[in-house]
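Here's the structure, in structure tokens; my notes come after.
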Amino acid sequence: MKTVLVVDDHPITHLGANRLLRDLGYEQIAQAMSGEDALSQISDGLSPSLIILDINLPGASGLDLILSLRDALPQVAILVFSMNDQTGFAARALQAGAQGFLSKHAPPADFRDAVKTLEQGEFYLSAKQAVALATLRAGASADPLAALSDRERQVLALIGRGLSLQAIADQLGVSYKTAANTSSALKRKLDVDGINGLMKFALDSGV
């Protein structure tokens, strides 16, 4: 059974998405109005192959939700579906672990294309977003901090203060695994070795 979870606090979005997803063969379409609701359903055993979510949600941000979803369901495909189509938001969503970003201003055909692209294990951006994101990354390439997500900056700053990964997880309200995975991503992105390397980088960069 093809299962999808749609996370959005606007009922009209659920109505439109449900119609399109039925046409794409999804038999089980779960709905959540908040990140907490989504995580609760997953904790209760819901295992979708695709999650479609908005960034602007009540409670925790959609970007933080992506990290939690990636922690709970490492293999799930995540498509961000948002009214805010600024390039920076798309970049941060991809950095957090989404596989695609689609503006709610896009026509239904683009929604279908995005879902089909993620089903094939590929990343989806509109042509306009892809060009804008490439330009943004080219301009930020000289600053390694520009490539970090908000969560990664938080973790880096706390490492710079000498906190352990468990203490960081407790302070941010995430699992130890999430803190450890973020630390590993930081080491890869910043090209440093070990916690000591991250601590030195944090102190030198003043985060």
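The values are calculated or read from the model by the stated rules, or taken from the named source; none is laboratory data. Here the structure is a predicted model, which means the values were calculated and not measured. Cβ placement follows ideal geometry from the backbone for every residue including glycine, while neighbour counts extend to all protein chains displayed.
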Would you check if GLN99 is surrounded by 17 or more Cβ atoms within 10 Å (Cβ to Cβ), of a type outside the set (Val, Ile, Thr) and under 13 Å from the mean Cα position of the chain (by Cα)? yes
If I filter region 151-169 down to residues being closer than 15 Å to ASP64 by Cα and charged (D, E, K, R), which single residue comes out as surrounded by the fewest Cβ atoms within 10 Å (Cβ to Cβ)? ARG153
Checked ALA109, ALA72, ALA134 against criteria (farther than 22 Å from ALA38 by Cβ, in the same structural domain as GLY35 (by TED's automatic domain parsing), modelled with pLDDT of 85 or more and of a type in the set (A, V, I, L, M, F, W, C)); the one match is ALA109
Anything in region 79-96 that is of a type in the set (S, T, N, Q) and within 13 Å of the chain's Cα centre (by Cα)? List them, or say none. SER82, GLN95
Test: PRO11 is farther than 24 Å from LYS177 by Cβ, surrounded by fewer than 18 Cβ atoms within 10 Å (Cβ to Cβ), touching a residue at least 40 places away in the same chain (Cβ under 8 Å) and not charged (D, E, K, R): no
